1. When you scan the range 169-254 for helices (runs of 4 or more DSSP H) that lie fully inside it, which ones turn up with 2 or more residues that are of a type in the set (S, T, N, Q), in the same structural domain as GLN318 (by TED's automatic domain parsing) and over 24 Å from SER57 (Cβ atoms)?
2. Against the definition (outside the structural domain of SER105 (by TED's automatic domain parsing), more than 18 Å from PRO324 (Cα to Cα) and of a type outside the set (Asp, Glu)), how does SER42 come out, yes or no?
3. Consider the range 3-17. How many of its residues are more than 12 Å from VAL49 (Cα to Cα) and either free of Cβ contacts under 8 Å to residues at least 24 places away in the same chain or among the aliphatic types (A, V, I, L, M) (or both)?
4. Based on this model, can you work out whether ARG336 counts as buried (at least 16 other Cβ atoms within 10 Å of the Cβ), of a type in the set (Lys, Arg) and within 13 Å of the chain's Cα centre (by Cα)?
5. List pairs: first residue in the range 145-172 and under 18 Å from HIS188 (Cα atoms), second residue of a type in the set (D, E, K, R) and in a loop (DSSP other than H, G, I, E, B) anywhere in the structure, Cβ distance under 6 angstrom, at least six positions apart or on different chains.
6. Please find, among THR144, THR162, THR148, the residue that is of a type in the set (S, T, N, Q) and buried (at least 23 other Cβ atoms within 10 Å of the Cβ).
7. What are the residue pairs meeting all of these: first residue in the range 359-376, first residue assigned by TED's automatic domain parsing to the domain that holds HIS30, second residue acidic (Asp, Glu) and assigned to a loop (DSSP other than H, G, I, E, B), Cβ atoms under 8 Å, and 6 or more apart or on different chains?
8. Considering only the range 71-117, state which residues are of a type in the set (Gly, Ala, Ser) and either outside the structural domain of ASP267 (by TED's automatic domain parsing) or part of a helix (DSSP H, G or I) (or both).
Amino acid sequence: MSITLSDARVVTPEGVHEGWLTIEDGRITHVGRGAAPGPGLSLGGRHVVPGFVDIHSHGGAGGSFPNGDQEEARRVVGLHAEHGTTTMMASLVTATTAELSRAASALADLCDDGLLAGIHLEGPYISKARCGAHNPALLRDPSTQEFTELLKAGRGHVRMLTLAAELPGALDTIREAVANNVIAALGHSDADYEQTLRGIEAGGSVATHLYNAMPSLHHRDPGPVAALLEDERVTVELVNDGVHVHPAMMRLAYDVAGPGRTALVTDAMAATGMGDGVYGLGPMRVEVVDGVARLAGGGSIAGSTLTMDVAFRRAVQQVGLSLPEAAEVTSLTPARVLGLADHLGSVAVGKRADLVVLTDDLEVSGVMRHGKWTTAPR
């Protein structure tokens, strides 16, 4: 089956051009400039960007990945797909070993089906001083033995582990993660600059939601932020919802790390796509007021209600990124983190036809995954 999309503004790593593209058997086979060589579906001058890749999300549509419920997980994926996310990891939160194993096992089935790109263990090896919306009573020091059990439960689909580099056993666990092809992410940490550097040297390659749940940048005490930003081996996650990080600090991080080391994430929780109210995030109770999620009783930020299309739009309109730069930080760079950049993350010949059609206002007009419309252009 062949589909040609014509009269489009195609956003590629090289720039934006008026043109067309052809899709066959779920892959992009041609990307051209000007008028299409034959009949096709006219997009009326709308933008075409690569499908968004979210490497840090906990839920949406009232569902939550940490619950380990497959129907809830499908609902989460469906909600984010409507907003242009065509590839996503399922992020869990701190829980008991048994609860994490059960959730990982259930979500591994959806990874087998291709619905999820992997499982992210955010915790339980994180700092009590920087635990945010994680249950402090369930935090523990890193254990390679327990981590091995969780890997077995996930049947090869555990793709990322967030932990605090300063904890006893952290460096050994980072090395164990890397040896098992698991991305070691540093975050929810009270580490200083030197401790963070040691975590990076051990194999830490992602900063979990940079700035959040870690000591602030300071001119006499640079802390983890400086270490994570300055090291070329580290990709920094940023939650671009206007709540987690001020646009000026977004620009600062982007100016240092550049598009190749910046990955926008949602850190979304169950209330995403829903209204204000009370929701769960693992064992924690979360209140959402005016779209902002906090632990019940006015506590710390507890994830977000962000979707990737909003993160993309804010990157252009609030942070000042160009369309190709915004596409890179919402698609290509996170795909690179997952080792999938050869297959998806940009509009290029040979890559999977995961595409988002955007209006002039950068609102989602259509979504394609594997060459099939999940949301037909409108």
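The values are calculated or read from the model by the stated rules, or taken from the named source; none is laboratory data. None of the values given here were measured: they were computed from a predicted structure. Methodologically, a virtual Cβ is constructed for each residue, glycine included, from the backbone with ideal geometry; neighbour enumeration extends over all protein chains shown.
1. On the way: elements: 170-179, 193-202, 223-230.
Here the list reads 193-202.
2. In short, yes.
3. Qualifying residue count, the range 3-17: 2.
4. Taking the combined requirement at face value, the residue satisfies it.
5. LEU167/ASP141; PRO168/ASP141; GLY169/ASP141
6. THR162
7. MET368/ASP354; ARG369/ASP354; HIS370/ASP354; GLY371/ASP25
8. Passing the criteria: ALA73, GLY78, ALA81, ALA98, SER101, ALA103, ALA104, SER105, ALA106, ALA108.
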